[in-house]
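The structure appears below as structure tokens.
The values are calculated or read from the model by the stated rules, or taken from the named source; none is laboratory data. Predicted, not measured: the structure shown is a model, and the values here were computed from it. Cβ placement follows ideal geometry from the backbone for every residue including glycine, while neighbour counts extend to all protein chains displayed. Just so you know, the surface numbers come from the protein's heavy atoms only, side chains and all, with ligands and any DNA or RNA stripped out. Shrake-Rupley method; radii C 1.70, N 1.55, O 1.52, S 1.80 Å.
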Amino acid sequence: AQKITQTQPGMFVQEKEAVTLDCTYDTSDPSYGLFWYKQPSSGEMIFLIYQGSYDQQNATEGRYSLNFQKARKSANLVISASQLGDSAMYFCAMREGGSEKLVFGKGMKLTVNP
Amino acid sequence: DAGVTQSPTHLIKTRGQHVTLRCSPISGHKSVSWYQQVLGQGPQFIFQYYEKEERGRGNFPDRFSARQFPNYSSELNVNALLLGDSALYLCASSRTGFSTDTQYFGPGTRLTVL
């Protein structure tokens, strides 16, 4: 069964510093997609970045990049140059090929200090 | 372009009552998924609809039902409400129902059952 693990309950980072949010996953399906979402206190899930299991390069979207290590089954999110507005809950999620559902981790809270 | 919209934003009900939550997908998106997020957890998959057909159902009781209309909007119905149904209900839309397709979330409906 597919599973996402986020073990960091919370992190604090100084503004303008880079931060890495950890995510490990478990699946027996060779085809899958990995997603990161940001959830501010308002509640809306905001899509950040996607990595496909067959993608040869790590995904990047602006200040976000995904450190995809397939053999280790990890998909860590890297945020460069943190901003105060980055303070939020961050969720890693996976969707197996042919599956209709996203499976989410428990999330982790990032706080960016001025 | 307008994002996913959900109504109402907040709702208070008592045990045993029925509730209907509504979702309008992003224009051009034909798939709608529903998730339940209880406090402190990641979202849990409830349903996915694509082209008005149910494509998947999560581990939720039959009190939960949904449908998708010809204009691709969707309703989630919950009967015989329990205290444990109190949660943020998120709707997500995607262009297709394929696993590589990113799901974009609405702001959610926060349901409180007293």
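For the condition part of a strand (DSSP E or B), of a type outside the set (Ser, Thr, Tyr) and surrounded by fewer than 20 Cβ atoms within 10 Å (Cβ to Cβ), what is the one hit in A:ASN76, A:ASN58? Write out each step before concluding.
Numbers: A:ASN58 fails: part of a strand (DSSP E or B).
The match here is A:ASN76.
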(request) Quick one: in the range B:49-83, of everything that is among the small types (Gly, Ala, Ser) and either closer than 16 Å to B:THR20 by Cα or not in a strand (DSSP E or B) (or both), which residue is nearest to the other protein chains (Cβ to nearest Cβ)? (result) B:GLY58
(message) Quick test of your reading of the structure: A:PHE68 fulfils all but one of (1) without any contact (Cβ under 8 Å) to a residue 40 or more places away in the chain; (2) assigned to a strand (DSSP E or B); (3) closer than 15 Å to B:SER99 by Cα. Name the failing condition by number.
(response) (3)
(message) Looking only at the range A:80-112, count every residue that is open to solvent by 50 Å² or more (accessible area, probe 1.4 Å) and within 8 Å of chain B (Cβ to nearest Cβ) and tell me the total.
(response) 3
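Among the residues of the range A:27-55, write down those that are outside any strand (DSSP E or B) and of a type in the set (D, E, K, R).
A:ASP29, A:GLU44, A:ASP55 - these are the residues of the range A:27-55 that are outside any strand (DSSP E or B) and of a type in the set (D, E, K, R).
In this structure, does A:LYS38 turn out to be within 11 Å of another protein chain (Cβ to nearest Cβ) and basic (Lys, Arg)? Even if it seems obvious, please write down each step before you answer.
Working: within 11 Å of another protein chain (Cβ to nearest Cβ): yes; basic (Lys, Arg): yes.
In short, yes.
Quick check on my filter: what residues within the range B:84-114 are in a strand (DSSP E or B) and open to solvent by less than 20 Å² (accessible area, probe 1.4 Å)? First the steps, then the outcome.
Going residue by residue through the range B:84-114, those that are in a strand (DSSP E or B) are B:87-94, B:104-105, B:109-113.
Residues satisfying the conditions are B:ALA87, B:LEU88, B:TYR89, B:LEU90, B:CYS91, B:ALA92, B:SER93, B:SER94, B:PHE105, B:THR109, B:LEU111, B:VAL113.
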